[in-house]
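J.: Have a look at this one.
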Amino acid sequence: MTSFNKDQPEKKPVFSDPEEFLRDYWQKKPLLIRQAFPGFEPELDADDIAGLACDELAESRLITGSIEKCDWQVRYGPFSDDDFSSLPDRNWTLLVQDVEKHYPPLQNLLDYFAFIPSWRIDDLMVSVAGRGGSVGPHVDQYDVFLLQASGRRRWQIAEAFEPGLLAGCELEVLEHFRAEQEWTLEPGDLLYLPPGVAHFGVALDPGATWSIGMRAPGTVELYQSLGDWLAERDGAAPRYRDPGLVPAESRGQIEADAVRGFQQLAMECIHNEAAFSDFLGAFLSRYRLAHDPAPPAEPVDSEYLRAALRGGATLRHNPWTRLLWMDAAGGTCLFAAGERLACDGASAALICDPHRLAMLDENTPASLLERVHELVEQGHLYLETL
């Protein structure tokens, strides 16, 4: 894989028929694609991932233990060189989240999954393991694509299983797991697992697995975020009212009318299409672990931006900014890391597509350049010079 450039050819699709995959497999049943990435050679090796795990800005975990001894332990980064030099030969796994944000060229890998809405894709997690390394049999509540990057890993899965977890374990390891299917993946193989399928991976060789995880917010996360969003509106949200109040019959009683009134209040924002669209755009355009975008060190005016494009500079997405757009009741909106911006649909669609954005040059229309300039000033976009 190489970084994107303006002459890069179109990628060969991993899924020969995306519609068939979504219809027959997505959130329905597992799928193993042998040599989905033939001749795959990872851009980052084990040392690179270990180095990233030493960065205080990276989320990383080091897991040791085995299913035979049930002695699972987890430690959280940042780590040091001494942490890795003292590792045994077997039964350890290093996990690092958001690798494609720390090393943006790896975002090219996500292009192979572009038929899935971009707001659904969470991150690329890299798992480096010694022989026997594992995180135990467990269940995820989101879709995941498991790409074997190096070495071999045995995967066992079960769609029917006992949900009980191992007591006293730091990890959510299933206490009882009986495999229904089993495969050994080699570099370039890809395994898709829908949510709710128990799986157990064990490294047969020292190697790495790259996991492309999907975002699947739960009800609790959704309502917590909605509450935070409403709180930021400076009192603009409606309050409870009861103009038809009648004398209370009994002290301390919460009447049925009050229950219905609060239920209506709680649902009012959700039923307001424009307000809920604004919330959802802000919510989905924030990465779970994103750092705040930083504006450029020196101010960038529109003339400098056009001159830079004339000189061959390329516009890129800040890897920590998710850019999304939607047609809502109030018109087309562009969302950048939780911020809402007015924008026409054609411009929004172009800005959110990193490859189309990279094609912009000094002939960019003034209206589009104005919106791009605003995003550069806010740190959501940046200029990459030759």
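A short reminder: the numbers here are calculations on the coordinates, not readings from a lab. Predicted model only: the values in this text are computed from it and were never measured. All Cβ positions, even for glycine, are placed from backbone atoms using ideal geometry, and neighbour counts span all protein chains on display.
J.: Between the stretch 322-351 and the stretch 17-60, what is the separation of their alpha carbon centroids in Å?
T.: 29 Å
J.: Each residue of the stretch 61-78 in turn: what ³J(HN,Hα) in whole Hz from Karplus with 6.51, -1.76, 1.60 and θ = phi - 60°, glycine and Pro shown as x?
T.: 9, 10, 10, 10, x, 8, 5, 5, 9, 6, 10, 5, 9, 10, 10, 10, x, x
J.: Using only helices, what value at 222 nm comes out for the chain when you add -39,500 (n - 2.57) per DSSP H run of length 4 or more and divide by the total residues, to the nearest 500 deg cm²/dmol?
T.: Taking each H run of at least 4 residues, the total per residue is -7500 deg cm²/dmol.
J.: Report, to one decimal in Å, the Kirkwood hydrodynamic radius for the chain based on all distinct Cα pairs.
T.: For the chain, inverting the mean 1/r across all distinct Cα pairs yields 23.8 Å.
J.: Work out how much length residue 367 to residue 233 would gain on full extension: take 0.36 nm times their residue separation and subtract the Cα-Cα distance, in nm to one decimal.
T.: The residue 367-residue 233 span can extend by a further 45.3 nm.
J.: Quick check: pseudo-label points 7 Å beyond the Cα along Cα→Cβ at residue 179 and residue 248, how many nm apart are they?
T.: 6.4 nm
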